[in-house]
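Down below is the structure, laid out as structure tokens.
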Amino acid sequence: MKILGIDTSCDETAVAVVSDGRDVLSNVIASQIKAHQAYGGVVPELASRKHIEAINYIVDKALTEANVTFRDVAAVAVTNRPGLIGALLVGVAAAKSLAYAHNLPLLGINHIEGHIYANYMVHDALTFPHICLTVSGGHTLLVEVHEGWRYKVLGSTQDDAAGEVYDKVAKYLGLGFPGGKIIDELAQKGNPSAIDFPRPMRNSGDYQFSFSGIKTSVRYFVEKAQRAGTLQLPPIVGDYKPDMIRLEDIAASFQAAVVDVLVYKTLRAAKETGAKTITLTGGVAANSELRASLKAAAAELGANVYYPPISLCTDNGAMIAGIAYVKYQQGLRDGLALNAAANGAIVDV
Ligand code: KG4
Ligand code: ZN
């Protein structure tokens, strides 16, 4: 059964065709990064306009690359929550039109459920229940995932998402957008113990996260160092006088703080629930230090860590078509009254 999956929740116009929930026939993405770069972050109105420009072309491309037509497609799935409301509406309007025109069932999908499902598309050995850490530009969520894709949300961020702080810290440091990959690469050349940034809520005894405190600490640190003349921005990377603070060390120390909290709480969840499988998903799951630290910590517990390839980590239509297959089997059908919603927590079942 082939499903066309559409995701326009943020700054990627993403469309895919997936067969039986796992076999990715196409996974096409039109990235808007260049359009938002000048602003150092995603501009919601601009995102909506760019989706409108791209959506029809990307749908056609996804069908062509999958070598199918609408006659081969059994359902249309679309992310309708959570996300930027204007951006979501473009995908929802497109999906409704296509479902109506081709007389196909329409399924509205929660974007986070797509991220959680992504690992299942590539890892046959995934067992239930498992602990899933979703870390992206918009979300930080720790979930216990049960058979039949039923969830128990253990915790989430109280303020900024992990990816969001990477992007904001990169902005303070004048490194460009999106900041995650840039900081990740810079951090590999730095000393993670050079600066002791705080680990908010690490010992809160629950599974909640808070990252805005780390972001503010980096900002104060940068401003103070600039005033003292010990930090040069824009940087002369790699060519420092002995008393100058190295940008690589700021990146590595910031990353160490974020990764420490994420790994600590995820491991605690695995320990307390007895889950022997941990999955990592969302854009920040691409982070090299997070992957390595989580793997090392999980090994001590005798647990396995899975993460999807980058193409399924960051926003994509394949994960939406994938989880839609499950939802279709479970009986989900939405009518043309389907609406988009900026918020949309996943529901414990
Ligand atoms: O999942 P995604 O594509 O979009 C959202 O749903 O938000 O995630 C994008 C986020 C951005 O904040 C980006 O900076 C971050 O993922 N990111 C990374 C890395 N690659 C992307 N963060 C840390 N390390 C990386 N290597
Ligand atoms: Zn996402």
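The values are calculated or read from the model by the stated rules, or taken from the named source; none is laboratory data. Please read all numbers here as calculations on a predicted model, not as lab measurements. Cβ placement follows ideal geometry from the backbone for every residue including glycine, while neighbour counts extend to all protein chains displayed. Please note that ligands, DNA and RNA were not included when accessible areas were found on the heavy atoms of the full protein model with its side chains. Shrake-Rupley method; radii C 1.70, N 1.55, O 1.52, S 1.80 Å.
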*Which cross-chain or sequence-distant (5 or more) residues have an amide H under 5 Å from the amide H of L25, H modelled 1.01 Å from N in plane?*
V17, V18, S19
*Mind pulling the angle between the C-alpha long axis of helix 318-329 and the longest principal axis of the chain? Nearest 10 degrees, somewhere in 0 to 90.*
50
*Set of lysines with alpha-carbon distance to K327 below 16 Å, sequence-local pairs under 8 removed*: K2
*Given a Förster radius of 45 Å and the C-beta distance between R202 and D23 as r, what FRET efficiency does 1/(1 + (r/R0)^6) yield to the nearest 0.05?*
0.65
*Could you estimate the translational diffusion coefficient of the stretch 250-349 from the Stokes-Einstein equation, with Rh from the Kirkwood formula over C-alpha pairs, at 25 °C and 0.890 mPa s, in whole µm²/s?*
153
*Please report Rg over Rh for the stretch 168-213, where both radii come from the alpha carbon positions and Rh follows the Kirkwood definition.*
1.04
*Pull out the extension gain between E300 and L338, defined as 0.36 nm times the separation in residues minus the alpha carbon to alpha carbon distance; nm, one decimal.*
9.1 nm
*Rounded to whole Å and ordered largest first, report the semi-axes of the equivalent ellipsoid of the stretch 199-265 derived from its Cα gyration tensor (root of 5λ).*
28, 12, 8
*Could you check which residue among G205, G91, G322 shows the biggest mean-square fluctuation in a GNM of the chain with a 10 Å Cα cutoff?*
G205
_Given a 1.4 angstrom probe, what's the average accessible area per residue across the stretch 157-247, in square angstrom?_
54
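In whole Å, what three semi-axes, largest first, describe the equivalent ellipsoid of the stretch 288-346 built from its Cα gyration tensor (square root of 5 times each eigenvalue)?
Equivalent ellipsoid of the stretch 288-346: 33, 14, 12 Å, largest first.
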*the stretch 225-328: relative contact order as a whole-number percent, Cα under 8 Å and 6+ apart*: 20
*Are any of the pairs K34/K171; K181/K215; K34/K181; K189/K271 more than 23 Å apart by Cα-Cα distance, and if so, which?*
K189/K271
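Where the only charges are on Cβ atoms (+1 Lys, Arg; -1 Asp, Glu), what is the dipole of the stretch 200-280 about its Cα centre, to the nearest 20 debye?
The calculation lands at about 220 debye.
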*Over the chain, calculate the relative contact order: mean separation of alpha carbon pairs under 8 Å at least 6 apart, over the residue count, as a percent.*
25
*Between A125 and I85, with labels modelled 7 Å along Cα→Cβ, what's the label distance in nm to one decimal, could you check?*
4.6
*Net charge near D7, counting Lys/Arg +1 and Asp/Glu -1 over other residues with Cβ under 12 Å of its Cβ?*
-3
*Select from the stretch 1-70 those chymotrypsin sites (Phe, Trp or Tyr not before Pro) which occupy a DSSP coil region and have at most 15 other Cβ atoms within 10 Å, ordered by residue number.*
Y39
*Identify which of K241, K34, K181 has the largest mean-square fluctuation in a Gaussian network model of the chain, with springs joining Cα atoms closer than 10 Å.*
K241
*Helix 162-172 versus the longest principal axis of the chain: what is the Cα-based angle in degrees, 0 to 90, to the nearest 10?*
50
*Efficiency by 1/(1 + (r/R0)^6): what FRET value for N67 and T273, r their Cβ-Cβ distance, R0 = 30 Å, to the nearest 0.05?*
0.10
_Segment Q37-N103, extension gain: residue separation times 0.36 nm, minus the distance between their alpha carbons_ = 19.8 nm
*Whole-Hz couplings from phi, Karplus 6.51/-1.76/1.60, listed for the stretch 67-80; x for Gly and Pro*: 6, 10, 10, 5, 5, 8, 8, 9, 7, 10, 10, 9, 5, 10
_I'd like to know how the chain sits against the 2.2 N^0.38 Å rule of thumb: what's its Cα Rg over that expected value?_
1.02
*Tilt of helix 85-101 relative to the longest C-alpha principal axis of the chain, in degrees (0 to 90, nearest 10)?*
20
*If you take the beta carbon distance between S212 and A345 as r and set R0 to 22 Å, what does 1/(1 + (r/R0)^6) give as a FRET efficiency, to the nearest 0.05?*
0.65
*Please list, in chain and number order, the residues 5+ apart from G155 or on another chain whose amide H is under 5 Å from its amide H, with Hs placed from the backbone.*
L142
_Per residue, how big is the convex hull of the stretch 88-204 when only Cα atoms are used? Give it in Å³._
187
*Cα convex hull volume per residue for the stretch 14-74 (Å³)*: 97
_Computing the accessible area with a 1.4 Å probe over protein heavy atoms, can you report the carbon and sulfur percentage for the chain?_
51
*Could you give the dipole magnitude of the chain about its Cα centre, charging the beta-carbon of Lys and Arg +1 and that of Asp and Glu -1, in debye to the nearest 20?*
240
